[in-house]
Amino acid sequence: MNLPGRGLRTRLRTAAALTLLSLLMLTACGSGDGTDPTAAAAQASPAPADDPVAGVAGVEAIAALLPAEVRKAGTLRVGSSVGSPPSAYYPNGQDKPPAGQDIDIAAAVAKVLGVRLERQDASFETILPALGSGKYDFGTGNFGVTTERLGSIDFVTYVNDGQGFAVKTGNTRLTTQVSDLTQLCGLTIGTGAGTTFEKTLTARSGVCAEAGKKPYEVKVFSEPGAVTTALQQGRIDVVMSTINGLRHQAAQPAAQTSFLGEYHRLDVGFAFKKGSPLTPAFQAAVNELIRNGTYARILKKWGTTASAIDTSRINPAEHT
């Protein structure tokens, strides 16, 4: 067998790494850049084999909190943003069911409530507007609870995630945890379109000028994988995305990214139209999963135990 030369082998390794990085691209903490999330995650690594949802049983007292018409129909429509692990992704291709923390928690809640989920894949930015029109009964997509969103959306929390930063391994321009945006002055930051990250960076864009420093530049990407590919190609210096997603990515040997710590924590929740009658039942169901240990097992499965909450809340104030 003829083996490729050193130059070709190097190019092949680089191409393979970039391919994997695209597959690991992060969607959202209250975010997601999602025009075609299935393409980005179609060949991602297999999901963990354990199934903590399998043994979840219905609880009549909690199911009774649902509106009568929902109990009669026995189904709920969920708009689901599927992007990258550990939140929600396609581990074995688009023709297989999605997996992830969000998928498991939603499925477990449905079992407690005794309903079946009619899941519809949707790009991140379309889900919240569609709740008001009645297209979906609720939405999942690692949606962060922000003051702005609370004006038009109801949330039932199930984890605490947030905003963080990562760089290409070996980066010498940014090597310490980012705790202040002035540390990014003069750098180019990549993030997803329509995300809390984009809004944070835009809202604070004047901090560098106030500090007498060169402003940072923000590049917004709408295609899955584009942010990480840009990072590896040196077109951006740093990525801003979800804490759990960036940690997961940095743990992959071929990813070649380094996590630069937590910047801002956010509660994450199921999203509903304002005034939805479903929120008390969902809150009670999440708290039942916390009580019976299913919740802890789901988070352990996906490596997100550090994001556990003690109790689910409806519309908590944004963390400051």
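The values are calculated or read from the model by the stated rules, or taken from the named source; none is laboratory data. These numbers were taken from a predicted model, which means no experiment stands behind them. Glycine gets a Cβ as well: all are built from the backbone with ideal geometry, and neighbour counts include every protein chain shown.
Is it the case that S179 is crowded, with 24+ Cβ neighbours inside 10 Å, at pLDDT 90 or above and outside any strand (DSSP E or B)?
Details: crowded, with 24+ Cβ neighbours inside 10 Å: no; at pLDDT 90 or above: yes; outside any strand (DSSP E or B): yes.
Taking the combined requirement at face value, the residue does not satisfy it.
Just wondering, is there one or more residues in segment 210-225 that are among the charged types (D, E, K, R), under 28 Å from A110 (Cβ atoms) and not assigned by TED's automatic domain parsing to the domain that holds E148?
Checked against the condition, which is being among the charged types (D, E, K, R), under 28 Å from A110 (Cβ atoms) and not assigned by TED's automatic domain parsing to the domain that holds E148, segment 210-225 yields no hits at all.
Being touching a helix residue (DSSP H, G or I) at 6+ places or on another chain (Cβ under 8 Å) and outside any helix (DSSP H, G or I) is the filter; apply it to segment 238-250 and report the residue that is farthest from G186 (Cα to Cα).
Top of the filtered list is S241.
Residues of segment 298-313 being buried (at least 16 other Cβ atoms within 10 Å of the Cβ) and of a type outside the set (S, T, Y), which ones?
Matches in segment 298-313: I298, L299, K301, W302, G303, I309, R313.
Starting from residues that are in a loop (DSSP other than H, G, I, E, B) and at pLDDT 95 or above, keep the ones in segment 208-233 and report whichever is nearest to the chain's Cα centre (by Cα).
Y216
Consider G139 carefully, then state whether it is part of a strand (DSSP E or B) and crowded, with 20+ Cβ neighbours inside 10 Å.
yes
Just wondering, is there one or more residues in segment 300-320 that are in a helix (DSSP H, G or I), charged (D, E, K, R) and under 20 Å from the mean Cα position of the chain (by Cα)?
Yes: one or more hits.
Output yes when any residue across segment 47-61 is at pLDDT below 65, over 26 Å from the mean Cα position of the chain (by Cα) and surrounded by fewer than 19 Cβ atoms within 10 Å (Cβ to Cβ), and no when none is.
no
Please identify the pairs in which a residue from segment 229-257 that is of a type in the set (S, T, Y) has its Cβ atom under 9 Å from the Cβ atom of a residue that is surrounded by fewer than 18 Cβ atoms within 10 Å (Cβ to Cβ) and not in a helix (DSSP H, G or I), counting only partners at least 6 apart or on another chain.
What qualifies is T229/R235; T257/T169.
Take the residues of segment 185-212 that are aliphatic (A, V, I, L, M) and surrounded by 15 or more Cβ atoms within 10 Å (Cβ to Cβ): which is nearest to E318 (Cα to Cα)?
Per the criteria, the residue is L201.
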